[in-house]
Amino acid sequence: MRPLDETETTVVFEKIFKFVGNNLKNIVENPSHEGPESEPGRYCFRLQKSRVYYVSESLVKRATNISRKSLVSLGTCIGKYTHAGSFHLTIMSLNLLAANAKHKVWLKPTSEMSFLYGNHVLKGGLGRITDSIVPGDGVVVFSMSDVPLGFGIAAKSTQDCRKLDPNGIVVLHQADIGEYLRDEDEL
Amino acid sequence: MPALTRNKKKGAKLQTETPPLNRRTKSNTAPAKSHKPPLKKQRKGISYEKPEVVSNDDEEEEEEVSEQSDEELGSDFSSEEEEDTEPLADDFLGGSDDEEEEGTLGSSDSDSDGSDLEKESKAIDGEREREERDAKDELQMNIKEQPDEFRLPTKKELEEEASGPPDLPALQTRIKEIVRILSNFKDLRPEGVKRKEFVEQLKADLASYYGYNEFLIGTLVEMFPPVELMELIEAFEKKRPTSIRTNTLKTRRRDLADVLLNRGVNLDPLSKWSKVGLVVYDSQVPIGATPEYLAGFYMLQSASSFLPVMALAPRENERVVDMAAAPGGKTTYVASLMKNTGIIYANEMKVPRLKSLTANLHRMGVTNTVVCNYDGRELPKVFGQNSVDRVLLDAPCSGTGVISKDESVKTSKSANDIKKFADLQKQLILAAIDLVDAESKTGGYIVYSTCSIMIPENEAVIDYALKKRDVKLVPCGLDFGQAGFTRFREHRFHPTLEKTRRFYPHVHNMDGFFVAKLKKMSNETKASEGDEPVETKEQAQLSSDDDDDDEPKQDTKVDKNKGRIPISKPNNKGNKNKNTNVEGPRKQKKKRSQWKAEIAQAREDKRKVMRKNTKEPGRK
């Protein structure tokens with residue numbers, strides 16, 4: 001386990017910024033209640049076995065005596081580095097992203113299952129959408145009852161979405177909670 | 001074999017064979033008066049002039065009369081009186097009898113109705129009485145014969161049985177018989193047969209009927225009386241109801257229940273003792289794949305797995321270790337009780353199971369957990385001794401309590417397996433005790449649980465821990481559930497073992513489970529300080545003062561320990577054992593604390609003297 005170095009930190013923050021925008025500040029400075037002390041500590045990012053974790057500092061302190069081979073997970077895993085060296089956010093970061101998301105999309109009940117199978121979000125399945133979405137923005141996908149289902153990249157801006165035909169892709173799927181069942185091994 | 005013939009006759013309704021038994025059995029049986037329209041024509045010959053006869057034993061007489069009518073269709077059709085309905089099948093059979101005996105009567109009927117009818121009625125009465133008598137005798141015979149008839153099969157019969165495929169119904173009746181006899185052995189035992197033989201036969205039958213191996217069925221027979229044993233085994237054959245646990249980090253039980261009901265799941269709150277459990281009766285959607293499940297609102301977990309966590313009762317901002325955490329049901333429950341504060345170390349030895357553990361933790365939104373991959377016995381070296389507040393040890397076990405989930409346990413566990421598990425569990429529990437800090441302000445508890453009902457894995461392990469470490473049993477906080485065994489066959493356990501809890505499928509409708517809660521009294525191994533972790537410094541001083549006074553005498557140390565114990569809680573037996581084991585290191589440790597106490601005492605004395613000195617010169 002080691003802290004992220006400069007390049008890694010910038011890459012990770014960029015990815016998160018796409019989804020949360022200025023709320024990134026919130027994420028980094030969130031007071032954390034984990035750890036046995038009663039005063040809140042802070043969160044930090046750590047890298048372990050090419051996975052990036054968002055952990056409270058007190059947890060980090062106490063996990064230092066666990067050997068590198070045996071440490072499996074700390075706090076919340078938010079993403080991993082591939083062999084090629086690029087960073088991807090995984091579904092396990094959903095809770096963090098959903099709480100701070102700037103761009104949101106709500107799905108109709110009928111198309112929830114389709115998204116959970118890994119398909120993209122089509123115009124016909126769109127219930128609500130926040131304004132001012134630019135193509136290439138990170139979007140968090142919710143169900144109509146505000147349950148976070150996953151996230152993806154916006155394919156069209158909000159204005160264009162209104163003009164789309166019902167089969168047009170609105171959000172390109174990146175991760176969804178169905179992966180907990182489908183891709184358990186790859187998490 | 002009267003019983004068999006009865007069945008045969010019912011089956012062979014349309015045969016016209018007439019052994020004399022036929023009539024008897026028919027009179028005894030009270031068949032539903034089935035109406036068979038085609039045969040009604042034949043019945044027309046029966047007259048209404050025999051109301052008495054008809055009312056008493058309708059079937060019989062109508063049978064007999066109708067048989068006559070069968071014989072002489074011509075005369076019968078002349079008298080067109082209808083009759084009450086009756087089972088025509090019986091008619092045929094009864095009729096054949098009547099044919100033989102009353103053929104002459106029948107023929108005379110056609111000539112003159114009056115006198116012949118009277119004769120007929122008398123004959124019928126007589127017949128009826130005879131039949132009733134015979135029937136009663138038969139019944140009596142049957143009742144008497146059954147208990148007498150039952151005897152253990154001889155070796156020859158056993159060999160015959162063994163050679164062919166098992167005759168399941170016969171086995172089942174034999175099992176029921178033996179259980180009945182064993183449950184009231186004094187009264188029902190046949191002459192000259194020992195109880196042991198019955199028990200052996202029962203074991204063999206149960207093993208072949210339900211598919212257990214000899215070892216397992218033998219242990220179960222030793223643990224339970226026969227009637228309860230049958231209930232237990234039957235309960236193992238069926239599955240326990242599916243239950244789920246609400247994730248209080250994300251939702252409330254009421255809201256979750258509403259959402260799931262909308263999806264078409266039929267559920268109810270689990271029971272009074274749980275505020276987060278729900279039991280699922282049936283569901284239109286797969287309960288393990290709803291969007292709510294994937295979003296982490298609930299966890300599929302059996303009811304018995306709630307218990308060790310409820311016994312552990314972790315508080316916020318504590319350090320907790322879960323030594324065998326996968327797949328993470330209990331760990332996530334602990335985290336939700338702690339509201340994501342404090343820190344949980346979730347340890348799992350087997351690598352393939354780590355993935356499901358991490359996935360579940362992330363799915364349920366748990367952020368205060370560190371997952372590591374060690375053998376549980378190494379944990380005290382990794383985390384340091386006396387470093388955490390609570391430990392949950394859901395030990396790997398033989399799984400004999402969850403046979404309803406996994407039938408292979410019936411045949412795969414042997415005495416050797418149980419012994420290996422017991423050894424592993426003993427090592428793990430000692431490691432767990434070493435991890436806990438007895439001086440923790442809010443904790444100092446270890447919860448040990450298994451999903452097994454075997455005594456060597458449960459009570460024996462706790463007893464071992466009581467002897468080897470300074471811990472004592474405390475009530476689990478689960479008021480339902482049976483108390484653990486304090487003695488079993490030749491074993492004698494510590495009396496406080498009645499505070500442990502056992503759960504059975506046939507009593508509580510959950511998987512077989514065992515839970516025990518230990519409190520660590522002091523951080524010394526094999527010591528018998530008996531200090532409570534929450535003791536103040538004063539009390540510690542007092543105790544060490546006591547030691548101070550009685551330092552030279554070893555025997556009185558024991559007494560002093562006993563004397564101190566009322567302040568803390570008693571653990572006399574354990575103390576005695578530990579005292580005799582090790583004197584040296586304890587002495588040294590005591591000396592250190594004694595020195596401190598001595599110094600403090602000396603200071604106090606000086607102060608007193610100073611005060612006296614200042615007072616004497618008459619200041620105040």
* Positive-end residue of A:MET144, A:LEU172, A:GLN159, charge dipole of the range A:103-181 with Cβ unit charges -> A:GLN159
* Count neighbours as other Cβ atoms within 10 Å of each site's Cβ, and list the trypsin sites (Lys or Arg not before Pro) in the range B:211-310 that are DSSP loop with at most 16 such neighbours. => B:LYS238, B:LYS239, B:ARG252, B:LYS272, B:LYS275
* Cα-centre dipole for the range B:411-471 with unit charges at Cβ (Lys and Arg positive, Asp and Glu negative), debye to 20 -> 160 debye
* **Lys pairs under 15 Å by Cα in the range A:2-96, provided they are eight or more residues apart or on distinct chains** => 4
* To do: Find the lysine pairs in the range B:148-205 meeting two conditions, Cα atoms under 18 Å apart and a separation of 8 or more places or different chains, and report how many there are.
  => 10
* Asked: Angle between the Cα long axis of helix A:6-20 and the longest principal axis of chain A, 0 to 90 degrees, nearest 10?
  -> 40 degrees
* What list of ³J(HN,Hα) values in whole Hz, one per residue of the range B:245-258 in order, does the Karplus curve 6.51 cos²θ - 1.76 cosθ + 1.60 (θ = phi - 60°) give from phi, with Gly and Pro shown as x? -> 10, 5, 8, 6, 6, 10, 7, 10, 4, 5, 5, 4, 4, 4
* Classify the range A:2-96: rounded, prolate or oblate, from the alpha-carbon gyration tensor (a ≥ b ≥ c, eigenvalue square roots; a/c under 1.5 rounded; otherwise prolate if a/b is larger than b/c)? -> oblate
* When the Cα centres of the range A:143-182 and the range A:69-128 are compared, how far apart do they sit, in Å? -> 10 Å
* Which whole-angstrom value gives the distance between the alpha carbon centres of the range B:285-333 and the range B:473-527? -> 22 Å
* Structure fact -> Charge tally for neighbours of A:VAL55 with beta carbon under 9 Å away, counting Lys, Arg as +1 and Asp, Glu as -1, is -1
* Asked: What's the average, rounded to a whole number, of partner chain beta-carbon atoms within 10 Å of each residue's beta-carbon in B:356-364?
  -> 6
* Cβ-placed point charges (K, R +1; D, E -1), dipole of the range A:103-181 about Cα centre in debye, nearest 20 -> 260 debye
* **Separation of alpha-carbon centers, the range A:1-68 and the range B:186-249, rounded to whole Å** => 55 Å
* **Top positive-direction residue, dipole computed over the range B:283-433 with Cβ charges, set B:PRO308, B:THR369, B:PRO352** => B:PRO352
* Report the net charge of residues surrounding B:GLY277, where surrounding means a beta-carbon distance below 11 angstrom and charges are Lys +1, Arg +1, Asp -1, Glu -1. => +3
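Just so you know, all these numbers are worked out from the coordinates, no wet-lab data involved. What you see is a predicted model; the values in this text were computed from it and never measured. Cβ sites come from the backbone with ideal geometry, for glycine too, and all protein chains shown count toward neighbours.
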